[in-house]
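> Attaching a single structure in structure tokens format; questions to follow.
The values are calculated or read from the model by the stated rules, or taken from the named source; none is laboratory data. Computed from a predicted structure; not experimentally measured. A quick note on method: Cβ atoms are made from the backbone with ideal geometry, for glycine too, and the neighbour counts reach across all protein chains shown. Surface areas here come from the heavy atoms of the whole protein model, side chains and all, with no ligands, DNA or RNA. Shrake-Rupley method; radii C 1.70, N 1.55, O 1.52, S 1.80 Å.
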Amino acid sequence: PQKTAFHRSQTLGYKNGFAFSRLPTVGVGGERLYVNQLSRAELDELRNQRPALTYGPAKRAPPSGFVPAHVAFDKKILRFDAYFQEDVPLSAEERYRIRQVVIYYFLEDDSMYVIEPVVHNSALPQGKHIRRHRVPKNDRGDHYHWKDLNRGMSIAMYGRTYRIVDCDRFTQVFLESQGIELNPPEKMLSDPYTELRRMPEHTYVTPSDFDQLKQFLTYDKQVLRFYATWDDTNNMFGENLSCIIHYYLADGTVEVREVYKPNDGRDPFPVMIRRQRLPKTFVDKKKTFPSCVLEISDQEVLEWYTAKDFAVGKSTTLLGRTFFIYDCDEFTRNFYRDKFGITDFQPVEIKKKPLEKIPQVIPPYNGFGILEDSLQNCFSLFPKPPRKDVIKMLENDHKVLRYQVALESPNPEDRKRRFILSYFLSNDMICIYEPPVRNSGIIGGKYLGKTRVAKPGSTTENVTYYEPSDFTIGSTIEVFGHRFVITDADEHVLNYMESNAESFPAATLRSLRDHFRSRQVAKEAAGSDIPMCGSSNQELDALIAQVQEELKLHKHLNNKNIQEAFLQCDKDGSGILDKPKFVALCNSLSVPTDAVLLNKV
């Protein structure tokens, strides 16, 4: 505990520039060491000594001392030649640049650094790209090792991809001694812009003997006029446009003007192609610059448009547009007759193509809104409301036919729900209302707003709506995927149809009359104390058979449970139940109750 010095003596020495290990002269903290102190190798040899017969085993040479990596691989460096490609976005002379670099790998500490040899007058910041350190390989914390480097491969360091093409002799021998099979060397790419600067192309243009001043003085204010058409009907919204082509003899320029007519619906931009020299044939060579330039010089064009390229009855392509020349003026005819000896100037009759009638395709009805109202969106950009039958609305104002309907559903709770269907005669609309029932668990109220309901199977072109003649007792109507069965109607419905019997089929009137007749008979029988005994046994047997056939249609009913429930309700054993109790018992047992059949019973 009283010891304060814990430093160790130096065991590494250098001699003639080479590192070697030596034994310590003093112990930890400067303590005295005995002279006969054994080294680590001698202690290991004594520990592994085993007794043997006779002379014993031969003495093994002590193992060589430990040599650290920074001593074994001191001043041993792997050298790789590589390059990377750099984009040049804002340059008209080059699109990318090839930059050659040298990658050094230090074996003593697995560090790397990348340097770019300096190129004279390159105007680029060159030199060291990556300082010497251990370069990360991935996001998991791994670093590049000499086993990851080879010729003909690409490595990524800090977002930049280097392509290794070759290595020096020492690197090749070292990697092959470690069992790594080297890829064949690749050719080092050169920068195309640098090569272009090294070998500039000298072009010589022989001056022309053509006197442009004489041409200007001779043909000043002389213009050839051609009448042409541009057929652009193959493109979307294209038209067949009339144009006038002017060829100026003074300087060989061409101008195209569009002919406008009153009320043609086009913006007043008469100049289609401004006055300029138009190229006819370009020089066939690979261009390093985009063709969309402001001006085209004589070096890029092999031939320009001249007066001999325009003729009546022929097509001419100017800047990608094909114009058909069908006529010219009198001055143009005289010029071609004197200059080229052409005498045929017969104008071509232009026939306009009739406009193709595109059939109007009406999209399918999407279910929103009324069909006639939604259909107006297909006919006009600003749709108008459909026309209404005002006379019908005035004659049938406030006339409503009401029916009682039941929801047809596999759910037994929904089969008990009753609705009031109102048919408005003024506009043939239907409204469905559900009367609220206490303790039913269903919120009553408006089930369907006023709308016209189309019959199943009707299409947009041929749509048919429900009419009063379709509402018979026991019939099923489908309203937007829900099926309803008509079970009852108001007496006003029968009175209205009888007063307008010529407008309704006889089957609808017969259905309503039978329904109200049976209901009147049941009401009279319920009001009298004497039971009905007038019916014969045959009618009673037929009614029982009809009830049995109705119950057979519903196979989910359990007849035994129904019989037990009726016997429990008949406490006095009289065999008679009143109608409200009978209906409530049928609803609790999910027994379907047909209104007509129930009244007969």
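> So which residues in region 136-155 are within 42 Å of the chain's Cα centre (by Cα), surrounded by 12 or more Cβ atoms within 10 Å (Cβ to Cβ) and either under 21 Å from M188 (Cα atoms) or not basic (K, R) (or both), if there are any at all?
Going through region 136-155, the residues within 42 Å of the chain's Cα centre (by Cα) turn out to be 136-144, 148, 152-155.
Next, from what is left, pick out any that are surrounded by 12 or more Cβ atoms within 10 Å (Cβ to Cβ): 136-137, 143-144, 148, 152-153, 155.
Of everything in region 136-155, those that are within 42 Å of the chain's Cα centre (by Cα), surrounded by 12 or more Cβ atoms within 10 Å (Cβ to Cβ) and either under 21 Å from M188 (Cα atoms) or not basic (K, R) (or both) turn out to be P136, H143, Y144, D148, G152, M153, I155.
> Among (1) modelled with pLDDT of 75 or more; (2) closer than 16 Å to K523 by Cα, there is one condition S588 misses while meeting the rest; what is its number?
(2)
> Assuming E356 fulfils every condition listed in (1) modelled with pLDDT of 85 or more; (2) surrounded by fewer than 11 Cβ atoms within 10 Å (Cβ to Cβ) apart from one, which condition is it?
The failed condition is (1).
> Name the residues in region 486-496 that are open to solvent by less than 80 Å² (accessible area, probe 1.4 Å) and either closer than 18 Å to R519 by Cα or touching a Cys at 6+ places or on another chain (Cβ under 6 Å) (or both), would you? First the steps, then the outcome.
Here is the first cut: in region 486-496, the residues open to solvent by less than 80 Å² (accessible area, probe 1.4 Å) are 486-490, 493-494, 496.
Residues satisfying the conditions are I486, T487, D488, A489, D490, V493, L494.
> Report, by residue number, each residue of region 2-20 that is within 15 Å of D74 (Cα to Cα) and either surrounded by 10 or more Cβ atoms within 10 Å (Cβ to Cβ) or touching a helix residue (DSSP H, G or I) at 6+ places or on another chain (Cβ under 8 Å) (or both).
The answer is L12, G13, A19, F20.
> Still on this structure, please answer the following. Among the listed residues T487, T508, identify the single one that is touching a Pro at 6+ places or on another chain (Cβ under 9 Å) and β-branched (V, I, T). Don't jump to the end; show me each part of the working.
Values: T487 fails: touching a Pro at 6+ places or on another chain (Cβ under 9 Å).
From the options T487, T508, the qualifying one is T508.
> Would you check which residues across region 339-377 are outside any loop (DSSP other than H, G, I, E, B) and of a type outside the set (D, E, K, R) and list them? I'd like the intermediate steps shown before the answer.
In the first step, residues of region 339-377 are kept if they are outside any loop (DSSP other than H, G, I, E, B); the result is 339, 371-377.
Passing the criteria: L371, S374, L375, Q376, N377.
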